[in-house]
Structure formats: structure tokens, C-alpha cells
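Notes to accompany the following structure.
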Amino acid sequence: MTLVTQSAPDFITSAILENGQITDSFHFKKYISNTKAVLFFWPMDFTFVCPSEIISFNQNYEEFKKRKVKVIGISFDSVFVHAAWQKTKYKNGGIGPIKYVMASDIKRTIQKSYFIEHPTLGMALRASFLIDEKGIIRHEVINDLPYGRNIQEMIRMIDALDFHKKNGEVCPANWTTKKEGIKPTALGISKYLKKNKII
């Protein structure tokens, strides 16, 4: 079931905040109110593909911040396991200090509400959701367990969201900020296809 075009499910849970403090009452919708957000799920701490993704989100944190996007990561591990993982060295499979929120879904109710639970293993699939300022999900991508995400693709989609909001044009295949959009009319698509030698 896709959640694109729908309101992002809300939740209150425990989390490690950006400053390293632990809270038992992290309120998702309150935290992202009136801002864009990326919510991403990973299967389990201290595993294999997961640290590469979490570190990549962290390395690109300034790109998200520049675009006024809040980042929240979540798995079914406790905040204490998250904290231990942050304190573990990279060479030992750790992730180091993280600049964004790491939330906990011990009861697995959040992953169920986003319909991204693995059907037999009970952990979350590699799911990412882009949420606009009104709390509406505009983009989602869900990978099976062996396949890591492309963080740059999420940044591209944030740029596309902002581009469309700013001028009303839509984004063609392989669009980037260096490329033109399409006016959503019959004439607009005709001009675009001719200009780009597609027809």
C-alpha cells in the first residue's frame, strides 16, 4: 500500500535527539510541523548495509539542512542500542555521532503504520518517505533488505518538490536543478519534447 499523497502517520516514541539527549516523548508531527522532512527506516542496528546508509545520511546532513529538511531515522532497536552504536568505532561497524534524530520503534507499531514491515522477519524494510510542509507524503521508496538506498536521489526529489512548488512546472525523467521543467499543458510537453529532441 502506498502512502504517497496521504498524511504521514503520526507517532510519539523514544528517540535520541540531534544534541545527543534521549527523550521518551518524541512527537513526530510536532517536530516536523511546517517543515519538510525525510523519515527513513532501517532494519536493525549493528548490521551490514544499515551503517552505510545512516552514515551517508549523516554525511549529507548539511545538504538537507540547507534545504530546510528535518531528517528522522528509525528502527525497532531501543534508544540505548542506538546510543551504543553511535559510540562504536567505524572499524567495528559503528556509526559515530549522528546529527539527526534516531527514533525507536520497539513495539513495531510505527513500521506497521507505514506498511513497510518485512512479511516474515518482522523488521522494517529500507523505506524512505519525503514529507512536505503540510505533513503530506510526496515521495516514497522501499528497498528489500540487501539493497542500500541512494541518498542523492532523495536530495534530488527534495529539489523537485521545491521546484514544482516555486513555479508550478513538473519534472521530467532524470530532472535535476540544472535542467528545465515542463509546463503542464499540451503545448508545454510538446515544446519540451521537441527542444530535447525526444520527438
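For a quick check, take a GNM of the chain with Cα springs below 10 Å and name the residue from PHE48, PHE129, PHE57 with the largest mean-square fluctuation.
PHE48
Among ASN174, ASN34, ASN60, determine the one that fluctuates most according to a GNM of the chain built with springs between C-alpha atoms less than 10 Å apart.
In the Gaussian network model the winner is ASN174.
With the cut-off at 1.5 for a/c, could you classify segment 12-149 from its C-alpha gyration tensor as rounded, prolate or oblate? Please list the in-between numbers first.
Numbers: a/c = 1.30, a/b = 1.12, b/c = 1.17.
Judged from the Cα gyration tensor, segment 12-149 comes out rounded (a/c under 1.5).
What whole number of Å gives the distance from the Cα centroid of segment 129-199 to the Cα centroid of segment 4-72?
Cα centroid to Cα centroid, the span is 22 Å.
Which shape class applies to segment 53-99: rounded if a/c is under 1.5, otherwise prolate when a/b exceeds b/c and oblate if not, where a ≥ b ≥ c are the square roots of the Cα gyration tensor eigenvalues?
Oblate shape, in that a/c is at least 1.5 and b/c is the bigger or equal ratio.
Let me spell out the model: positive unit charges on the Cβ of Lys and Arg, negative unit charges on the Cβ of Asp and Glu, origin at the Cα centre of the chain. What dipole size does that give, in debye rounded to 20?
Numbers: 29 positive and 19 negative charges, 175 e Å.
Approximately 840 debye in magnitude.
Taking the beta-carbon count within 10 Å as an exposure proxy, list LYS191, LYS36, LYS89 from fewest neighbours to most. Please report the intermediate quantities before stating the final value.
On the way: LYS191 14, LYS36 20, LYS89 9.
Lowest to highest Cβ neighbour count: LYS89, LYS191, LYS36.
Helix 49-59 versus the longest principal axis of the chain: what angle, 0 to 90°, nearest 10, using Cα atoms?
Result, in degrees: 70.
Among TRP175, ALA83, THR5, which residue has its Cα positioned farthest towards the positive end of the charge dipole of the chain, with +1 placed on the Cβ of Lys and Arg, -1 on the Cβ of Asp and Glu, and the dipole taken about the Cα centre?
Farthest towards the positive end: TRP175.
On a 0 to 90° scale, report how tilted helix 186-195 is relative to the longest principal axis of the chain, with both axes built from alpha carbons and the result rounded to the nearest 10.
For helix 186-195, the angle is close to 90 degrees.
Using +1 on the beta carbon of Lys and Arg, -1 on that of Asp and Glu, and nothing else charged, what's the dipole of segment 50-114 about the Cα centre, debye to 20?
Working: 12 positive and 5 negative charges, 35 e Å.
Value, rounded to 20: 160 debye.
Going by alpha carbons, how many degrees (0 to 90, nearest 10) lie between the helix axis of 151-167 and the longest principal axis of the chain?
Helix 151-167 and the main axis of the chain meet at about 50 degrees.
Since every read-out is calculated from the coordinates, none of them should be taken as a lab result. Keep in mind the model is a prediction, meaning the values are calculated, not measured. Every residue, glycine as well, gets a Cβ built from its backbone with ideal geometry; the counts of neighbours run over all protein chains shown.
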